[in-house]
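Worksheet: one structure, shown below.
Here, each number is a calculation from the coordinates, and none is a lab measurement. It should be emphasised that the depicted structure is a prediction, and the values quoted were computed from it without experimental measurement.
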Amino acid sequence: MSACGRVSVTTPALPNRSKRISSPPPKSIARESLPRACGTEVLKAAHGCVNGSSLFAAVLAAGGSRCYEDRRHSKRRADIKRADGIGGQLGMSGFLRTALFTIGLVIAGLVPRAAYAVTADELYQSKTIVTGQGEANRQIGFRDCLDRVLVRVSGDQRLLKKPEMADLRNKAGSFVDSFRYRDRLQGIPIHDEQGTHDRPHDLTCLYKPDILDKVLASLGSKPWLGERPTLTVFLATEQGARHFVLSAGEKRGETMRESFADAAGPMLMHVVFPKAAQLAGLDETALGSADMARLDRLAKQTGGTQALAGSMVWSDKELGWIADWRLADHGKTYRWQVRGVSFDEAFRVAISGAAQILSGNGQP
């Protein structure tokens, strides 16, 4: 990657506009936290329904099926229940909450699409984890949130390596319009001295578009507006004698699919995975040499915008995964790699690289 030249721009001193708000978590938290691993009966029941009442009846008719939840999903569901307060008050069952969310998504037309527009409220915010609500940790959180939101809005991960970022991080709080906390242990009583002072919190920072756009301009960048893509992931994985191509619904790839979706969320992107039947003829060897145009065509059959292809090989020498990624855009195929990392980090590198390409910022 070539070194970026220093941009000599004087950023006007901005007043500290940050203020704390105590509004409830945004709706996007509940929507993004909707369990991904659930029986298909709800969606089958929804198919063909033309109004809310018939859809509701059909979903309830499917209620005999039990949704699968692992411990991670159960924790997320508990977080949602505590955040909105509704589930606890009504004693709502896990299935009924999922059903009602599904009804709302179908009626509102919010079921994930191949590409979708994002609102300014969704785009101009970021979240990090801080320890407690003290001023010192808040300033650390402000700096981390600034890094995250600049990449989220622009799609360009290279901004964080620019020398101008040092000064911007020192006054990160002045760019924050408002912020809020959410106790990650909400509902768990404080039980020791550490719990009194060091409870972990989600810190969410919200920004005014005009203020943040000026910061991006000072870095020689601009917002990545318009639709964000849904990428279909074609991934071959090898760990010793264990090797497979990741597909939708396959038990052994469940944790990887969840991790990939988690990596895509901060960039307001979605990922989907091909079914095993759609991978006919694409084993690990064939996938590595498959033409990206062919994979892009297959991606559209899965509901994606385009293909993100990759291979991951475990290396004892590197003490981690070696991941290679490919994505085609405007007739050019881009390639990038990361070595010696966890698969969570490998997927974050995949998404940040894809975002950099699709936002028009070039080679990752």
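Taking a ≥ b ≥ c as the square roots of the eigenvalues of the alpha-carbon gyration tensor, segment 144-262 is classed oblate because a/c is 1.5 or more while a/b is no larger than b/c. When the listed pairs 127/214; 161/208; 127/161; 251/300; 275/317; 222/332 are checked against a 29 Å cut-off, the alpha-carbon distance exceeds it for 275/317. For segment 318-343 versus segment 250-308, the inter-centroid distance based on Cα atoms is 14 Å. Does segment 245-364 come out rounded, prolate or oblate, given a ≥ b ≥ c as the square roots of the eigenvalues of its C-alpha gyration tensor, rounded meaning a/c under 1.5 and, failing that, prolate meaning a/b above b/c? Since a/c stays below 1.5, the shape of segment 245-364 is classed as rounded. Which whole-number percentage describes the relative contact order of segment 261-364, with Cα contacts under 8 Å and a sequence gap of 6 or more? Here the relative contact order equals 20 percent. When the square roots of the Cα gyration tensor eigenvalues are ordered a ≥ b ≥ c, the ratio a/c for segment 176-326 is 1.5 or more and a/b does not exceed b/c, which makes its shape oblate.
Summarising the amide proton neighbourhood of residue 208: residues at separation of 5 or more, or on other chains, whose placed amide H is nearer than 5 Å comprise 177.
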